[in-house]
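This report concerns only the one structure given below.
The values are calculated or read from the model by the stated rules, or taken from the named source; none is laboratory data. Note that the structure is predicted; figures quoted are calculated from it, not measured. Neighbour counts run over all protein chains shown; Cβ positions are idealised from the backbone, glycine included. Keep in mind that these areas ignore ligands, DNA and RNA; they rest on the heavy atoms of the full protein, side chains included. Shrake-Rupley method; radii C 1.70, N 1.55, O 1.52, S 1.80 Å.
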Amino acid sequence: MAAKLKQGILRISVTTLAQEADHSRTLIGHKSCKYPRVRDKLMALREDCPEPKTAADVITRKREETSELKRKLKVAHSEMAALVLRMDQMETDAKRKIREATRRMENKGKNPHVIAGAGLKSKDTETGKVIPFPEPEDT
C-alpha cells in the first residue's frame, strides 16, 4: 500500500482502510457498523472523488442516491398528506364561517344574545316565579 500511496493510485475505500488497520472490513462496512464516525469520515472522503473508477463504486454511489431519493420521497409524501389534512380543515372552517355570515345576513342586525320573551313584562317574571308551559293538546 505504501507503494500505491507514493504513486498516487491508492484508493480510499472500506477495504483499504480495514487492511491498513488490520481489522475486518465489516467493522465499518455498513451503515449500522461498530464505528459509525470512522465510516462517515471515510464516506466523506470518498465523495470528494469526482468520478468512480470501478463498477462497484458506481453501484455503491447509485444505491446511496436511490436510498436518498427514497427518503426524500417519503418526506414529500408526508408533507403532502399534512397539507391535504390542513386543506380539509380550512375548507371545513370556511364553510362554517359562510354559514355564520349567512345567518347574520338573515337576522339583519338582530342581537343574537337577546333571550326570547325577555321584553315581556308580567308580575310573574318580576317576582321570579317560573311560568309553566301549557300542556300539549291531544288531537
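H30 exposes around 80 Å² of accessible area when a 1.4 Å probe is run over every protein chain in place. Distance between the 7 Å Cα→Cβ label points at D93 and E137: 5.1 nm.
Here the simple spin-label model places points 7 Å from the Cα toward Cβ, and for T66 and R86 these points are separated by 3.3 nm.
Measuring against 22 Å, Cα to Cα, the residue pairs K31/K72; K34/K70; K31/K70; K31/K62 contain K34/K70 as the ones spanning a longer distance. A simple rule links phi to the HN-Hα coupling: the Karplus curve 6.51 cos²θ - 1.76 cosθ + 1.60 with θ = phi - 60°, which for the range 30-38 gives 9, 5, 9, 7, 6, 10, x, 5, 5 Hz, with x for Gly and Pro. In this rough spin-label picture, where each label sits 7 Å from Cα along the Cβ direction, the M43-H113 distance is 6.2 nm. Counting only protein chain heavy atoms and rolling a 1.4 Å probe, the accessible areas of E137, E106 rank, largest first, as E137, E106.
The heavy atoms of M43 present about 30 square angstrom of accessible area, all protein chains included, probe 1.4 Å.
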